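Q: If you scroll down you'll find the structure; I have some questions about it.
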Amino acid sequence: MTTEPPLVDSHFHVYTTDMPLSPTAWHRPPEDATIERLIDTLDRHGVVFGVLAAASLYGDYNDYMLAALRRHKRLRATAIVRPTIDRHALEALDREGFVGIRFQFRNVADPPDLSAPEYRMLLRRVADLGWPVHINDEGPRLPGSIAALETAGVKLVIDHFGHPDPKDGVDGAGFRAVLSAIERGCTWVKLSAGYRLKPPAAAKTYAAALLQAAGGDRLLWGSDWPFAGFESQVRYEDTVAALADWVPDPAARRKIIGETPLRLYFART
């Protein structure tokens, strides 16, 4: 199937292997995913704009992404931050091109309590900036997180289809909570990293359900380059082809790869 190239890739990473790994890192990358490699990859596939996702492997070391933003104004980024970060530091990140924070709770045995005082303060500051909170977690744990984040009044972006529970599929409590959150109007979902789902072929079924709930107005697409943990198994063009399979309607696809991410991430500047 021949498709137009994505205008915006809403989820990928950059890092180098000499960066300090987080104590909770679940993977040690085999090679650098440099800024130069990223830009070359985007250019070769006709992608104009992109959003760097903070890599959980490196915790709150956001320095390399900051360097990417300063060199390439076509990029935006999310940051992993400590809950005690102050308003001035968040505003400084905002001026540099950061557009949200990311909670990486997947593979974390005991995620933090988002209703704790330090997280309530963080979420208020994020809401005041107009940033979304991006969350990556297992589907069965999402209902509680969604409820806490909605109570805090922040916009929410859910990574990787929401990692639905393979036992229950579209009928699982986590996935149903994702669909309900979309309908309430302050949540977006990334059609990304389908190869991480169990089984990967189920991504098409989840995409169909999400499209029914959201059309293209609340959905984003991301390649997940450089495919951490799957570096030798996935190519960038595979992810573009997967989107065309998940979203056969060209009009909906154009929203997901263009209009929707541009409005969410780039219209503020």
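The values are calculated or read from the model by the stated rules, or taken from the named source; none is laboratory data. Predicted, not measured: the structure shown is a model, and the values here were computed from it. All Cβ positions, even for glycine, are placed from backbone atoms using ideal geometry, and neighbour counts span all protein chains on display. Each accessible area value is taken on the protein alone, full model and side chains, heavy atoms only, with ligands, DNA and RNA left out. Shrake-Rupley method; radii C 1.70, N 1.55, O 1.52, S 1.80 Å.
Q: Among the residues in segment 210-229, are any at positive phi, outside any strand (DSSP E or B), touching a residue at least 60 places away in the same chain (Cβ under 8 Å) and not basic (Lys, Arg)?
A: Within segment 210-229, one or more residues are at positive phi, outside any strand (DSSP E or B), touching a residue at least 60 places away in the same chain (Cβ under 8 Å) and not basic (Lys, Arg).
Q: Continuing with the same structure: Is it the case that segment 101-115 has a residue that's surrounded by 20 or more Cβ atoms within 10 Å (Cβ to Cβ) and among the β-branched types (Val, Ile, Thr)? Explain how you work it out, then say what you get.
A: Step one: list which residues in segment 101-115 are surrounded by 20 or more Cβ atoms within 10 Å (Cβ to Cβ), which gives 101-104, 114.
Imposing the further condition that a residue be among the β-branched types (Val, Ile, Thr) reduces the set to 101.
Yes: segment 101-115 contains one or more residues that are surrounded by 20 or more Cβ atoms within 10 Å (Cβ to Cβ) and among the β-branched types (Val, Ile, Thr).
Q: For segment 1-43, what are the residues that are of a type in the set (D, E, K, R) and without any contact (Cβ under 8 Å) to a residue 60 or more places away in the chain?
A: Filtering segment 1-43 down to residues of a type in the set (D, E, K, R) leaves 4, 9, 18, 28, 31-32, 36-37, 40, 43.
Hits for segment 1-43 are Asp18, Arg28, Asp32, Glu36, Asp40, Asp43.
Q: Kindly indicate the residue of segment 1-13 that is open to solvent by 10 Å² or more (accessible area, probe 1.4 Å) and touching a Pro at 6+ places or on another chain (Cβ under 9 Å) and also farthest from Lys255 (Cα to Cα) among those meeting that condition. Give the steps one after another, and end with the answer.
A: The first filter runs over segment 1-13 and keeps only residues open to solvent by 10 Å² or more (accessible area, probe 1.4 Å), leaving 1-5, 7, 13.
After this cut, where a residue has to be touching a Pro at 6+ places or on another chain (Cβ under 9 Å) as well, the list is 1, 3-4, 7, 13.
Values: Met1: 18, Thr3: 14, Glu4: 12, Leu7: 10, His13: 22 Å.
Filtering first and then ranking leaves His13.
Q: Name the pairs whose Cβ atoms lie under 7 Å apart, with the first residue in segment 244-268 and closer than 18 Å to Ala207 by Cβ and assigned to a loop (DSSP other than H, G, I, E, B), the second of a type in the set (Lys, Arg) and open to solvent by 20 Å² or more (accessible area, probe 1.4 Å), and 6 or more positions between them or separate chains?
A: Correct list of pairs: Val247/Arg253.
Q: May I ask you to list the residues in segment 48-67 that are open to solvent by less than 20 Å² (accessible area, probe 1.4 Å), closer than 19 Å to Leu7 by Cβ and more than 15 Å from the chain's Cα centre (by Cα)?
A: The answer is none; no residue qualifies.
Q: Let me ask something else about it. Could you please find all residues in segment 130-143 being open to solvent by less than 10 Å² (accessible area, probe 1.4 Å) and farther than 14 Å from His163 by Cβ?
A: Within segment 130-143, Trp131, Pro132, Val133 qualify.
Q: Mind telling me which of the residues Arg218, Arg253 ends up being out of contact with any Pro (no Cβ under 8 Å at 6 or more places or on another chain) and open to solvent by 40 Å² or more (accessible area, probe 1.4 Å)? Explain how you work it out, then say what you get.
A: Working: Arg253 fails: open to solvent by 40 Å² or more (accessible area, probe 1.4 Å).
Every option except Arg218 fails the conditions.
Q: For segment 170-194, which residues satisfy the criterion of being at pLDDT 95 or above and small (Gly, Ala, Ser)?
A: Those that are at pLDDT 95 or above and small (Gly, Ala, Ser): Gly172, Ala173, Gly174, Ala177, Ser180, Ala181, Ser192, Ala193, Gly194.
Q: Mind checking which pairs have a first residue in segment 181-209 that is within 15 Å of Asn136 (Cβ to Cβ) and a second that is surrounded by 15 or more Cβ atoms within 10 Å (Cβ to Cβ) and among the small types (Gly, Ala, Ser), Cβ under 6 Å, 6 or more apart or different chains?
A: What qualifies is Thr187/Ala181; Lys190/Gly222; Leu191/Ala207; Ser192/Gly222; Gly194/Ala203; Gly194/Ala242; Leu197/Ala203.
Q: Go through (1) open to solvent by 30 Å² or more (accessible area, probe 1.4 Å); (2) assigned to a helix (DSSP H, G or I) one by one and return the number of the condition Ile146 breaks.
A: Condition (1) is where Ile146 drops out.
Q: Which count do you get for residues in segment 190-209 that are charged (D, E, K, R), open to solvent by less than 50 Å² (accessible area, probe 1.4 Å) and in a helix (DSSP H, G or I)?
A: In the first step, residues of segment 190-209 are kept if they are charged (D, E, K, R); the result is 190, 196, 198, 204.
After this cut, where a residue has to be open to solvent by less than 50 Å² (accessible area, probe 1.4 Å) as well, the list is 190, 196.
This time we only want the ones that are in a helix (DSSP H, G or I), so: 196.
Going through segment 190-209 one residue at a time, the tally reaches 1.
Q: When segment 157-174 is examined, which residues are found to be in contact with a Phe, Trp or Tyr (Cβ under 8 Å, 6 or more places away or on another chain) and crowded, with 24+ Cβ neighbours inside 10 Å?
A: Of segment 157-174, the ones in contact with a Phe, Trp or Tyr (Cβ under 8 Å, 6 or more places away or on another chain) are 157-158, 161-162, 164-165, 168-170.
Within segment 157-174, Val157, Ile158, Phe161, Gly162, Pro164 qualify.
Q: Restrict the check to segment 31-47 and report whether at least one residue is surrounded by 21 or more Cβ atoms within 10 Å (Cβ to Cβ) and of a type in the set (Gly, Ala, Ser).
A: Looking through segment 31-47, at least one residue is surrounded by 21 or more Cβ atoms within 10 Å (Cβ to Cβ) and of a type in the set (Gly, Ala, Ser).
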